[in-house]
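A.B. asks: Before anything else, here's the structure in question.
Where a number appears in this text, it was derived from the coordinates with a stated rule and is not lab data. Please read these numbers as outputs of a predicted model, since none were measured by experiment. Please note: Cβ atoms are built from the backbone with ideal geometry, for glycine as well, and neighbour counts cover all protein chains shown.
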């Protein structure tokens with residue numbers, strides 16, 4: 001397969017929803033071998049979360065440590081859910097991506113604006129794909145911890161952010177590869193293998209890709 005790791009971002013194309021796959025150029029940074037789900041992207045910048053870097057703390061224990069009022073009400077299965085490092089921006093903030101089944105024809109609405117982060121904080125959830133949502137609301141997050149909210153979910157500390165034109169420049173520079181949003185890569189794969197799996201779906205051999213990076217041509 002002919003593959004150009006330096007392919008440019010198509011003009012006026014939003015990458016949300018989608019995945020970014022880190023090239024060897026990012027080795028040694030917080031994004032080394034990262035797979036990032038992009039939840040927002042427009043001319044004002046981009047926002048995403050690294051999906052393959054679990055932390056050494058579970059969701060239930062984290063909620064108990066920050067909210068004594070509900071500590072005894074946290075449901076047992078929340079202790080089986082890893083918290084992930086979402087990125088180096090606002091690492092004091094807990095975020096949650098979850099999936100819900102929508103009724104046929106319900107659709108979804110994405111929000112792309114200069115006030116994206118403010119809107120996210122002022123609303124319970126923001127949809128970035130059909131049936132997929134990002135939450136920063138304490139009520140929503142606690143709802144999952146208490147078993148009051150249904151759906152698959154994953155909590156994150158911090159997020160990955162880019163300013164206007166920054167992500168596009170990094171893609172053109174060969175720091176990232178682009179993969180369409182594929183739901184099973186998010187929940188149904190083992191984090192340690194996410195990077196290799198994402199590359200394989202692009203038809204890129206992970207070992208050869210690493211060697212390209214060491215040769216300075218990734």
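A.B. asks: With the crude spin-label approximation of a point 7 Å out along Cα→Cβ, what separation in nm comes out for residue 169 versus residue 187?
C.D. replies: 3.8
A.B. asks: Here is a further query. Using Cβ contacts closer than 10 Å as the measure, can you line up 144, 98, 79 from fewest to most?
C.D. replies: On the way: 144 25, 98 21, 79 15.
Going from least to most buried by this count: 79, 98, 144.
A.B. asks: Same structure again: Classify region 18-214 as rounded, prolate or oblate, taking a ≥ b ≥ c as the square roots of the eigenvalues of its Cα gyration tensor: rounded when a/c is under 1.5, otherwise prolate if a/b is larger than b/c and oblate if not. Mind dumping the intermediate values first?
C.D. replies: Values: a/c = 1.74, a/b = 1.45, b/c = 1.20.
Prolate, since a/c reaches 1.5 and a/b exceeds b/c.
A.B. asks: At 7 Å along Cα-to-Cβ for each site, give me the label-to-label distance between residue 80 and residue 146 in nm.
C.D. replies: Calculated label separation equals 2.2 nm.
A.B. asks: State, to one decimal in nm, how far the label point of residue 180 lies from the label point of residue 73, with both points 7 Å from Cα in the Cβ direction.
C.D. replies: The two pseudo-label positions are separated by 4.3 nm.
A.B. asks: Next question. Mind ranking 17-23, 72-78 by how tightly packed they are, going by the mean number of other C-beta atoms within 10 angstrom, highest first?
C.D. replies: Values: 17-23: 23.9, 72-78: 13.4.
Output ranking for 17-23, 72-78: 17-23, 72-78.
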